[in-house]
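The values are calculated or read from the model by the stated rules, or taken from the named source; none is laboratory data. Given the structure is predicted, the values throughout are model-derived calculations rather than measurements. Here the Cβ positions follow ideal geometry from the backbone for every residue, glycine too, while neighbour counts run over all protein chains shown. Quick note on the areas: whole protein, heavy atoms, side chains included, nothing else; ligands and nucleic acids left out. Shrake-Rupley method; radii C 1.70, N 1.55, O 1.52, S 1.80 Å.
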Amino acid sequence: VQLQASGGGLVQPGGSLRLSCAASGFGLNSYAMGWFRQTPGKEREFAAATGWNSGSTNYADSVKGRFTISRDNAKNTVYLQMNSLKPVDTAVYYCAADFLGTGSVSAHDYEFWGQGTLVTVSS
């Protein structure tokens, strides 16, 4: 069972990035998927999530209107489209899976985690 996050990098303020999280060893169609982020010295912070049946999405206030979470169950992949990026969005981004979850904001509810991908927003 593995989640592989990718797509991070260096982007200028106002720019966009799309993160991907590919699952292997299990199907994502029965899992809520979440994206969390973490900066040094701080706890992991919720960013976005989608329920297992894709009928619900949940966003942190800090990213609402700028980030969009989506999933492609056929490709066993979840995405995080990030637009209008700001320097405060700089962090390591982690994807996570929660069996039959509804898109919780709590990291403790997620059973599986990817390794993280670094997003740096800087001019």
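List of remarks:
- When 42, 86, 75 are checked against the criterion of being without any contact (Cβ under 8 Å) to a residue 40 or more places away in the chain and not aliphatic (A, V, I, L, M), 42 stands alone in meeting it.
- In region 76-104, the residues that are of a type in the set (Val, Ile, Thr), in contact with a Gly (Cβ under 6 Å, 6 or more places away or on another chain) and part of a loop (DSSP other than H, G, I, E, B): 102
- Qualifying residue in region 11-18 (condition: farther than 13 Å from residue 93 by Cα and modelled with pLDDT under 95): no
- Matching residues in region 91-104 - criterion: being among the aliphatic types (A, V, I, L, M) and either touching a Cys at 6+ places or on another chain (Cβ under 7 Å) or open to solvent by less than 30 Å² (accessible area, probe 1.4 Å) (or both): 91, 96, 97
- Test: residue in region 83-90 that is small (Gly, Ala, Ser), modelled with pLDDT of 95 or more and open to solvent by 60 Å² or more (accessible area, probe 1.4 Å): yes
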